[in-house]
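Submitted below is the structure of interest, expressed as C-alpha cells.
Only the coordinates and a few stated rules stand behind these numbers; no lab work does. Everything numeric here is computed off the predicted structure, so don't read it as measured data. Heads up, the Cβs are rebuilt from the backbone with ideal geometry, glycines too, and the neighbour counts pull from every protein chain shown.
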Amino acid sequence: MKQVILILAAGLIGFSFGHAEMFWPLIVLSFLLPVVWVQTESRILSGGLLLVYSLVASRGLLVGASVYFDASLLVGAFWWVSGALLWFTTGFLCWHKNRRVRVALIPILMLLLIIPPTGLSGWAHPLISASYLFPSFGFFGLFLCLLLMLVSSVFVSRAGEFIALSLTLVVASYVFKKPDITPPSHFIPHQTSFVFNAGSRNFSQEFQNMKSLQASISKAGKGIHWTPESTGGVWSATTKNFWVQWAKKHKDKTILLSVLDPKGGSLNNVIILLSGDEQEVVYRQRFPVPGINKFPELETITNYKSEVVAGTKIGFLICYETLMFWPVIQTMLDQPELLLVNGSVGWSPDSIWNTQRASAFAFSQLFNVPLVEAWNK
C-alpha cells in the first residue's frame, strides 16, 4: 500500500505543472520528488516513480505531438512515452537498497536528469522549485534547494511529516516576496496566432503571415521588436529580400526576427537582427524539438554567448529550450541582463504552453533577470 501511495504522490507532484499562471507556484512541489524517491523499496518502483512523474508532467505531449507532426495519436504516444522511459532508466539505475546511500545519490540523480540523454526530455526538473523557495539567489539558490532536498529526505519518513512539509512549501511559495523584475520598455514583444505545423507548408499563408507581422511592428512604434518563433518565415533568398527591403524603409525600428534557417537540409530556428541596412545572425537554437530539426553542430552548443543589442546583454531561449534545464544554466552562466523567450505553440495543449511559460518565469525569478516573451499561440 505504501508503494502505491508513493506512485500516486509522484503523479500528483507532476500534475502541479501545466496549469495557468495563478497556479504556477505549485511547481514548488517538484522539490518533493527526490524526497518521495528515497522512500522507494525496489529498483523497479524507483524507476516507475520517475516514469509516472514524467508522464503526468508532460501529459500534453500525447495529443500535442500528434498535432505537431500532423500524425496519429500513436506518434504522440511514442514521443510521450520515449521521454518518460529515460526518466525510468535514470531512477532505476540510481537506486540502492541502502536508504542512506539513496539519499547520498540525490545529487547524482538531479545531475543525470539535467544532462543528456535524460536531460533531452528533462521537463519539470525538481530543482526548478528553487525559483520559488529562493528567488533571486541564482546558482546559490540551486545549491540551497539541493541541500534542502537532502535534509528533507533524511528526516521525512512518515505521511504526517510529508504532508506538513508539502503544505509549508506551498504556503511559503505564495508568501515569500518575489523580485519585481520589469523589462526595459523599449523591448517590444509581439504575440501572433498564425497557423502552421511541421507536417506541411503553405507558402501563400506564410507570405500573408509575414505581411501581418510587419503591419504589427509598424503599429507598435519605435523600439526593439521581439517576434515569436518562426514567424519571419524560412530564410530563403526571397524571404531575406522581403524583410531586408522592408527594414530599410523602417530605419527607426530594430527587429529581432525569428526565422527558419534551411542550411544543411533541415529547418533550424535562428534569430536575425534587422536594423536599417544591418542584418546579422545573433542566435542559433541550441536544441530544437526532437525528431524535426537536425541536431545543431557541437560548436553551436558549446560556444554559446549572450548577444549585446542596443547596449543590453541578451540571453535567448527558443520554444523547447524553455522546458530543459541545461540550456538555461548555460545561458545564465553568461550573466545576461535580459532574457528573451519565444515559441510557436498553436499546436500544443495549454498544459505544454503553461509549463513553458512557468519555466521561463521561474528561471527569470531565480536569476533576477527580466523576461520578455513572444508567442505564436
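Among all the lysines, which ones have a C-alpha under 17 Å from LYS97's C-alpha, if same-chain residues fewer than 8 places away are not counted?
Straight-distance partners of LYS97: LYS2.
Also, quick follow-up: Run the simple label-point estimate for GLU278 and ARG100 please: 7 Å along Cα→C-beta, distance reported in nm.
Each label point is offset 7 Å from its Cα along the Cβ direction, giving 6.1 nm.
For the stretch 2-175, what's the relative contact order in percent, using C-alpha pairs closer than 8 Å and at least 6 residues apart?
27
Now, a different point. How high is the relative contact order of the chain, in percent, with contacts defined as C-alpha pairs under 8 Å that are six or more residues apart? Please report the intermediate quantities before stating the final value.
On the way: 703 pairs, mean separation 73.1, N = 377.
In percent, rounded to a whole number, it is 19.
In addition: Along the charge dipole of the stretch 130-241, which of PHE139, PHE155, GLN191 sits closest to the positive end, that is, farthest toward it, with unit charges on the beta carbon of Lys, Arg, Asp and Glu (+1, +1, -1, -1)?
Positive-most Cα among the choices belongs to GLN191.
Then there is this: Kindly flag which residue pairs out of LYS219/LYS248; LYS222/LYS263; LYS251/LYS305 have an alpha-carbon separation exceeding 20 Å in this structure. Can you show the working numbers first?
Numbers: LYS219/LYS248 17 Å; LYS222/LYS263 32 Å; LYS251/LYS305 27 Å.
Flagged as over cut-off: LYS222/LYS263; LYS251/LYS305.
Let me know the charge dipole size of the chain about its Cα centre in debye, to the nearest 20, where only the beta-carbon of Lys, Arg (+1) and Asp, Glu (-1) is charged. If you can, show how the numbers build up before the last one.
Working: 27 positive and 20 negative charges, 77 e Å.
Dipole size: approximately 380 debye.
List the lysines whose Cα sits under 18 Å from the Cα of LYS377, skipping any in the same chain fewer than 8 residues away.
Cα-Cα hits under 18 Å: LYS211.
I would also like to ask the following. Roughly speaking, what is the stretch gain from PHE140 to LEU74, that is 0.36 nm per residue apart minus the C-alpha to C-alpha distance, in nm to one decimal? Mind showing how you got there, number by number?
Details: separation 66, 0.36 × 66 = 23.76 nm, distance 4.23 nm.
Net length gain for the segment: 19.5 nm.
Give me, ordered by chain and number, the residues 5 or more places off VAL309 or on other chains with an amide H under 5 Å from its own placed amide H.
ILE314
On full extension of the chain, what length is gained from THR238 through SER218, given 0.36 nm per residue of separation minus the C-alpha to C-alpha distance? Can you show the working numbers first?
Working: separation 20, 0.36 × 20 = 7.20 nm, distance 2.10 nm.
Residue separation times 0.36 nm, minus the Cα-Cα distance, leaves 5.1 nm.
Here's a follow-up. Treating the angle as unsigned and between 0 and 90°, give the value, to the nearest 10°, between the Cα long axis of helix 159-175 and the longest Cα principal axis of the chain.
Value to nearest ten degrees: 30.
Another question about this same structure. Only Lys, Arg, Asp and Glu count, each charged at its Cβ (+1, +1, -1, -1), so figure out the dipole size of the stretch 127-265 about its Cα centre, rounded to 20 debye.
Details: 13 positive and 6 negative charges, 129 e Å.
The calculation lands at about 620 debye.
I would also like to ask the following. Calculate the spin-label point distance for ALA164 paired with LYS248, positioning each point 7 Å from the Cα along the beta-carbon direction, and give it in nanometres.
Inter-label distance under the simple model: 7.2 nm.
Could you compute the FRET efficiency for VAL81 and ASN303, with r as their C-beta to C-beta distance and R0 at 45 Å, rounded to 0.05? Before the final figure, lay out the partial values.
Working: r = 34 Å, r/R0 = 0.75.
It comes out at approximately 0.85.
According to a simple spin-label model (label point 7 Å from Cα along Cα-to-Cβ), what is the distance in nm between GLN191 and HIS19?
Each label point lies 7 Å from its Cα, and together they span 2.1 nm.
Gap in Å between the Cα centre of the stretch 219-244 and the Cα centre of the stretch 315-377?
Between the Cα centre of the stretch 315-377 and that of the stretch 219-244, the gap is 20 Å.
As a test of the formula, what do you get for the chain when each DSSP H run with n ≥ 4 contributes -39,500 (n - 2.57) and the sum is divided by the residue count, at 222 nm and rounded to the nearest 500 deg cm²/dmol?
Numbers: 15 runs with 180 residues, N = 377.
Dividing the helical sum by the residues of the chain leaves -15000 deg cm²/dmol.
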